[in-house]
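Visitor: Shown below is the structure under consideration.
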Amino acid sequence: MTADRIPVTVVTGFLGAGKTTLLNRILGEAHGRRYAVIVNEYGELGIDGGLVVGAEEEVFELNNGCVCCTVRGDLIRVISGLVKRKGGFDGILIETSGLADPAPVAQTFFSDDLIRQRTRLDSVVCVADARHLLARLDDTHEAPEQVALADTILINKRDLVDAAGLTAAAAALRDINPTARLLLSTRGDVPLAAMLDQGRFDLDRLSLPADDDHDHSHHHDHGRHSHGIDCVSLRLDRPLDPTRFMPWLQQLAMERGRDLLRAKGIVDLAGSDRRFVFQGVHMMMDTDAGRAWAADEPRDSRLVFIGRNLDRAELADGLGHCRADAS
């Protein structure tokens, strides 16, 4: 059951955004919880682990490469060891290098059987430097990808910009990832209850862009474009045929996975009284039967795709052909 699995929070964000400060804040709180911390630094000498305070025995450093490539095997090894330890942990925190693409980290929790059974990816938190965010989005490819994968974005260092700067930062983040929750902070000072153990990556709820949240009489598609990344959200109020929808989803992951940074959805499958839930990161797609549909909730299908070179019309047409009443 989900409740028995250790929640994992991945903290990503570009260099200098304030990730380690946020970790120290979490560990320094009098919350009475025990966290294991995995810190990754790009380089042969470990520094970040020495900056994390208050958890000497629970800090694991992965050096000489970023988590997303050369030491991914070490990440699996460390997490596998953690879940086997007696006494256990209340949560696992992973800080990725500022130069890392967090997608392979997220994929780890779908691909390894032991990790999937014993942990759950609770949230991907992106820490964004309010003062330098716009520049980093323009001059790097890592920063937009970190933003695209996140379900929660912490606009940090709010004290260093004026109201217009905060508005511009929020607008840029919304253009890339309109479904993420935005939080403002100075030195990571947000209530931990609003950030940890929220189940936001587990699709307990799926939010669509606000202007797409209306009229269920037909399906809508919504696309935004920024820094080469599009967000397409689709809604359909008719049941989908599982024999059509599943192959379509699998084919989409296989053919477009390289460009598909994030995919998620809650789907109404014909003949089922349970919500069908899927999560995707690049070519890896995780599917599951969710909770039963409540008697008073609308049975519709909501899907979100974030990535590069997404064709909104093509996605909408493909989904339309998956309708149970389609000829």
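Only the coordinates and a few stated rules stand behind these numbers; no lab work does. No experiment lies behind these values; they were computed from the predicted model shown.
Visitor: May I ask you to list the lysines whose Cα is less than 28 Å away from that of K84, ignoring any residue fewer than eight positions away on the same chain?
Guide: K19
Visitor: Shifting gears a bit: Whole angstrom only: what separates the Cα centroid of the stretch 105-125 from the Cα centroid of the stretch 229-284?
Guide: 19
Visitor: Right, another one. For R116 and S272, calculate 0.36 nm times their separation in residues minus their Cα-Cα distance, and state this gained length in nm to one decimal.
Guide: Extra length from R116 to S272 when fully extended: 53.7 nm.
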